[in-house]
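The values are calculated or read from the model by the stated rules, or taken from the named source; none is laboratory data. Just so it is clear, the model here is predicted, and its values are computed rather than measured. Note that each Cβ is placed from the backbone with ideal geometry, even for glycine, and that neighbours are counted across all protein chains shown. Accessible surface is based on the protein model in full, side chains and every heavy atom, while ligands, DNA and RNA are left aside. Shrake-Rupley method; radii C 1.70, N 1.55, O 1.52, S 1.80 Å.
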Amino acid sequence: MTTIDLPLLPLGKGKDLDSERGVECPGDLPAASDPSLVERARAAKAALGERLFVLGHHYQRDEVIQFADVTGDSFKLARDAAARPEAEYIVFCGVHFMAESADILTSPDQQVILPDLAAGCSMADMARLGQVEDAWDAMVAAGIADSVVPITYMNSSADIKAFCGRNGGAVCTSSNADVALEWAFEQVPDAKIFFLPDQHLGRNTAVLKMGFSLDDCVVWDPRQPNGGNTVEALRAARMILWKGHCSVHGRFSAAVVDELRAKVPDVKILAHPECTHDVVLKSDLVGSTEFIIKTIEAAPAGSSWAIGTELNLVKRLAGAHPDKNIMFLDKNVCYCATMNRIDLPHFVWALESLVAGNVVNVISVDPDTEHWANIALQRMLDLPGKSHRD
């Protein structure tokens, strides 16, 4: 075995711009130890007034979420931004695909800013446009493309949303995935769904809400010829699931569910549908982030809950409901690493740059991608029932 002499960086010192796209900021990034950061953020926000609208995703750090004008899941926040046309600057404390959705839905006069460009999403990054186009070409070669309807989860890049728009598909959220699948199956005779990029949400929705079996689902691995499937398997499938997942929700295990039930006999397991199928099967309730929040708000005092979603939100719920026994559905600490890149120093830097007249880290979707992504989003908005919820 050989070794390579790599320039290692001591924690908190130095930077590697090849691996950390968002670390380099024009001007000086405030030190995390600066005791005046909170006051600086307040002052910059006050100076910008109605020109600024701050969006805070539920998975954000408390130090950042305190400055959000609205909180919520990604699609709700993007629509909230669109409802504030007087705001010149939309600072999105979330991740890259969320800021793209906000740019698509807001007016050309508004600028969407992501405080750290390295705040991405590992799930969204698992489906690259070139890979998805290659998969589509393989489905054409297999003779099934005419019956395939692509549906992408909101947690995907703008170009994947645009791919779905161009090919007769739509976007869905974690709360309306079943409605989107019902719509898709109505589009063409004997329809198949090409579900991107989260295999677990697609599988859980198809099996638990649509009545399909696991045998009706195949997984498309972009690193394998034909996605790792035979042509016969693709022709027989009703759901073609992209091999993607959430790095946070994929950590929860059925074994920990069993262990918690043994230790806390009255515990209720509340999980997000991005969790693996075995965890969802063992859960008492499954739903979107908004569903999780509303369930805890409505739960009786003294009840016990183990929640399978991002730790920042679980901690926030536990703090807001001290009369309930709320615990994390994992033995280990597990924050969303990319979401946590939006910290107070980057937030202060972005706001103070705006005060100085320097608009930084603008997220801008090109017109063609925006056009087709908007079509896919509008198809979702036209769905009945729960399509307005995230």
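Results, tabulated for the structure shown:
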| item | result |
| --- | --- |
| Rounded to the nearest 20 debye, dipole of region 35-101 from Cβ charges on Lys, Arg, Asp, Glu | 60 |
| Projected label distance in nm at GLU133 and ALA82, using a 7 Å step from Cα toward the beta-carbon | 2.6 |
| Extension gain from ALA337 to VAL355, taking 0.36 nm per residue of separation minus the Cα-Cα distance | 3.6 nm |
| Expected 222 nm ellipticity per residue - DSSP helices of 4 or more, -39500 (n - 2.57), all of the chain, to 500 | -11000 deg cm²/dmol |
| Between 0 and 90°, nearest 10: helix 311-320 axis offset from the chain longest Cα axis | 70 |
| Distance between modelled label sites at VAL140 and ASN325, nm, 7 Å Cα→Cβ extension | 5.9 |
| Using alpha-carbon coordinates, inclination of helix 199-208 to the longest axis of the chain, degrees | 50 |
| Nitroxide proxy distance, nm - points 7 Å out along Cα→Cβ at PHE185 and ALA301 | 4.5 |
| Per residue value of the accessible surface for the chain (all protein chains in place, 1.4 Å probe), Å² | 43 |
| Nearest-10 value in Å² for the accessible area of ILE326, using the 1.4 Å probe | 30 |
| 14 Å beta-carbon shell around PHE53, net charge (K/R +1, D/E -1) | -2 |
| Within the accessible area of the chain (1.4 Å probe), percent carbon and sulfur | 52 |
| Dipole of the chain, positive direction: furthest Cα of LEU270, SER288, ASN374, with charges on the beta-carbon | LEU270 |
| Neighbour-limited loop hits for GluC sites (Glu not before Pro), region 70-139 (at most 14 other Cβ within 10 Å; DSSP other than H, G, I, E, B) | GLU86 |
| Label selected from (i) 27, 55, 18, 0; (ii) 27, 51, 15, 5, 1, 0; (iii) 31, 61, 8, the criterion being P(r) over Cα pairs in 20 Å bins from 0, in percent as computed here | (i) |
| Principal-axis tilt of helix 37-48 within the chain, Cα atoms, nearest 10 degrees | 80 |
